[in-house]
Amino acid sequence: MDDLTSRPIKKTRLSDLLKGRSPHEATAILKRWDDAMLTVTYSIPDPDGKAFKVPTLAANGKKETREIPDELVEDLPELHEWIEAQALAAHLEVITNTGSFKDVPKELMSDPTMFRQLATARRKYLQSQKKKGAAAAKPRPEPGTSSPARSKTSTSGSKPTSEKQTDKQTDKPANKQTQSSTSTPPAAPGATDQSTPDTTA
């Protein structure tokens, strides 16, 4: 920008620059307004302290109305080019993320120089949707299926648990039978042998 004293200064207001803008456009312009003051224009707060309301988008994406302090802004061609670039970027971002052309102005869609940019943003959206669909269509392992690592450890070295339990069950009766054949239970205290009758009487 040239020297401020070299020519008359044409001024406008921030409220006029945002008038008629969609919430997406206004949000994008206000988000980067400091960059505009640093690169393409000059501005000061409104001398009368006026404020204006403008529709914008909240952090969660819902539309809301904000009250913004108005500013006096130097009206330069570079500023209008910057504003249009921010508005276009906002629309391209919406199309890329949602595929929606609902808030895109008819003038922008009818502009032959904008066709390829709008169509490219739509292509990006379709490509992302296709990738999501392909990822969702991949078969997933059913719950409860054993992994190859588990099946490998079960066949190495030790016997499976079911075989160990079978061996224990077959060993127990044999042990009990051996004990009963080799040992005689002790006689109960006070018991007498009645196998031979007493004939001395």
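A short reminder: the numbers here are calculations on the coordinates, not readings from a lab. All figures in this text were calculated on a predicted structure; none of them were measured in a lab. Please note: Cβ atoms are built from the backbone with ideal geometry, for glycine as well, and neighbour counts cover all protein chains shown.
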note = The condition of being part of a helix (DSSP H, G or I) and surrounded by 15 or more Cβ atoms within 10 Å (Cβ to Cβ) holds, among HIS80, HIS91, only for HIS91
message = Looking at segment 80-96, can you tell me whether even one residue there is polar (S, T, N, Q), in contact with a strand residue (DSSP E or B) (Cβ under 8 Å, 6 or more places away or on another chain) and in contact (Cβ under 8 Å) with a residue 12 or more places away in the chain?
response = no
task = Can you run down the residue pairs with Cβ atoms below 6 Å, 6 or more apart or on separate chains, where the first is in segment 55-73 and buried (at least 16 other Cβ atoms within 10 Å of the Cβ) and the partner is basic (Lys, Arg) and outside any strand (DSSP E or B)?
result = ASP70/LYS50
Test set (1) exposed (fewer than 12 other Cβ atoms within 10 Å of the Cβ); (2) closer than 23 Å to TRP33 by Cβ - ALA119 fails condition number = (2)
request  = For segment 84-99, enumerate the residues that are under 16 Å from GLN129 (Cβ atoms) and either in contact with an Asp or Glu (Cβ under 6 Å, 6 or more places away or on another chain) or among the hydroxyl-bearing types (Ser, Thr, Tyr) (or both).
outcome  = THR96, THR98
message = For segment 11-25, give me each residue that is part of a loop (DSSP other than H, G, I, E, B) and charged (D, E, K, R).
response = LYS19, ARG21
request  = Sort out which residues of segment 19-31 are surrounded by fewer than 21 Cβ atoms within 10 Å (Cβ to Cβ) and within 16 Å of VAL73 (Cβ to Cβ), and write them in order of number.
outcome  = LYS19, LEU30
key: Pick from segment 41-64, criterion among the β-branched types (Val, Ile, Thr) and in contact with a helix residue (DSSP H, G or I) (Cβ under 9 Å, 6 or more places away or on another chain), ranking: nearest to PRO77 (Cα to Cα)   = THR41
query = How many residues does segment 22-52 hold that are more than 19 Å from ASP103 (Cβ to Cβ), touching a Ser or Thr at 6+ places or on another chain (Cβ under 6 Å) and in contact (Cβ under 8 Å) with a residue 12 or more places away in the chain?
reply = 1
Options ASP34, ASP48, ASP103: the member that is in a helix (DSSP H, G or I) and surrounded by fewer than 16 Cβ atoms within 10 Å (Cβ to Cβ) = ASP34
